[in-house]
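Quick note: the coordinates plus some simple rules give every number you see, no bench work behind them. Only a predicted model underlies this, so the values are computations on that prediction, with no experimental measurement involved.
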Amino acid sequence: MVRIISKKYANALFSGGGDVDVIFAKLTKLTELFKNPKFVSIINSYEISKSDKSTFVLSLIDDKDAKFENFIKFLSIKGKLSLIPQIREEVRKYISSKSGTIDAVIHCHKELSKSEMDRVTSTISNKLSKKVNMSFVKSNVPCIKVEVPDLNVEIEFREDKIKSDMIDFILKAI
């Protein structure tokens, strides 16, 4: 439900015109502030008026323009300032789709070499016919997992599963 609402607000930003990259930068700056518990408590507080919240949020933006100010005020009036991180994510997906790139993440229990990362990146890029921005996350589980969140795709290979399948295959062959 949150994703649907966030997508509607992101679409409103696109239809309003303006530079999407600038909007994304502003939303990214605001999203970083959500890591601070005090900021989140101010945004979620019922004791602070909606206009004070919008004034506070707008005071944290350096480069102000009327459309973005109105957007923040509208979010504040509707009580949706807490959706800023999700709206930012929808804007990121929009920018990625327009540029023909997607983000992917490799989860692995050991470091992958540059050549291995490049090989996985090029394979996924060729299969999807899109440029892939690959990142690496070290995992505690002995497996290799490739995740493409924009497409809701996840591929996982577990070492213990592969070993057990090989043993089963050999036993069936005997």
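Some observations on this one:
- For the chain, built as a Gaussian network whose Cα springs stay under 10 Å, the top-fluctuating residue of I48, I61, I106: I48
- Taking amide H atoms as placed 1.01 Å from N in the peptide plane, the amide H of V153 lies under 5 Å from those of V148, each 5 or more residues away in sequence or on another chain.
- Whole-percent P(r), the chain, all Cα pairs, 10 Å bins from 0: 9, 28, 25, 20, 12, 5, 2, 0.
- Annotation: amide H of F136 within the under-5 Å range of I106, sequence separation 5 or more or interchain, hydrogens built in the peptide plane.
- Size descriptor for segment 2-95, Kirkwood hydrodynamic radius: 13.2 Å (Cα pairs only, one decimal).
- Reach of K131 by Cα under 23 Å, taken over lysines that are not fewer than 8 positions away in the same chain: K93, K98, K114, K145
- Secondary structure note: in segment 101-173, about 55% of the DSSP beta bridges are antiparallel.
- Across all Cα pairs in segment 101-173, the calculated P(r) in 10 Å bins from zero up to the longest distance comes to 19, 44, 26, 11, 1 percent per bin.
- The angle between the Cα long axis of helix 50-59 and the longest principal axis of the Cα atoms of the chain comes to about 70 degrees, rounded to the nearest 10.
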